[in-house]
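Asker: Can you read through this structure? Questions will come right after.
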Amino acid sequence: MRSSGSLFENIALAHVKAQGLSLLERNFNCRFGEIDLILREGNVVVFLEVRYRKSQAFGGAMQSIGSHKRERLLKAASLFLQSRPEFARNACRFDVMAIAGSAQQPDINWQRNAFEAC
């Protein structure tokens with residue numbers, strides 16, 4: 001499954017780079033889990049969760065991020081910012097990129113500001 005995840009993270013990364021974002025870190029791991037892509041858009045640090053669903057049968061990729069996952073992402077982002085103090089004062093946002101379809105013809109739904117830190 002990791003190779004499939006990496007494939008769709010590559011698609012997501014190419015998509016956001018084409019939109020002018022730059023990569024800060026990929027697959028940031030900590031005790032709260034993993035943040036797929038950490039990017040920079042101007043002075044904003046963007047934490048991007050990439051979700052792939054081959055089928056919408058059990059809900060789409062966007063619906064797969066519940067409150068527990070959001071909480072873990074917020075905690076992981078906080079640890080990233082503590083580990084990289086040069087970004088601690090930057091504005092941050094949490095995006096979700098839902099990808100459906102195939103790698104050859106991906107259907108990309110990029111939700112900027114998908115949720116907020118409370």
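Asker: Could you tell me how many degrees, from 0 to 90 and to the nearest 10, lie between the Cα long axis of helix 2-18 and the main elongation axis, the longest principal axis, of the Cα atoms of the chain?
Answerer: Tilt relative to the chain: about 70 degrees.
Asker: Can you list which of the trypsin sites (Lys or Arg not before Pro) found in the range 63-116 are DSSP loop residues with at most 12 other C-beta atoms within 10 Å?
Answerer: Taking the range 63-116 and a limit of 12 other Cβ atoms within 10 Å, the loop trypsin sites (Lys or Arg not before Pro) found are 89.
Asker: Counting only C-alpha contacts under 8 Å and six or more residues apart, can you give the relative contact order of the chain as a whole percent? Walk me through the numbers before you get to the answer.
Answerer: Values: 187 pairs, mean separation 28.4, N = 118.
It rounds to 24 percent for the chain.
Asker: Same structure, new question: Using bins 10 angstrom wide from zero, how does P(r) for the range 2-115 break down, in % of all Cα pairs?
Answerer: P(r) for the range 2-115, in whole percents per bin: 14, 48, 32, 6, 0.
Each reported figure results from applying straightforward, stated rules to the coordinates on display, with no laboratory input. Here the structure is a predicted model, which means the values were calculated and not measured. Positions of Cβ are backbone-derived with ideal geometry, glycine not excepted, and every protein chain shown enters the neighbour counts.
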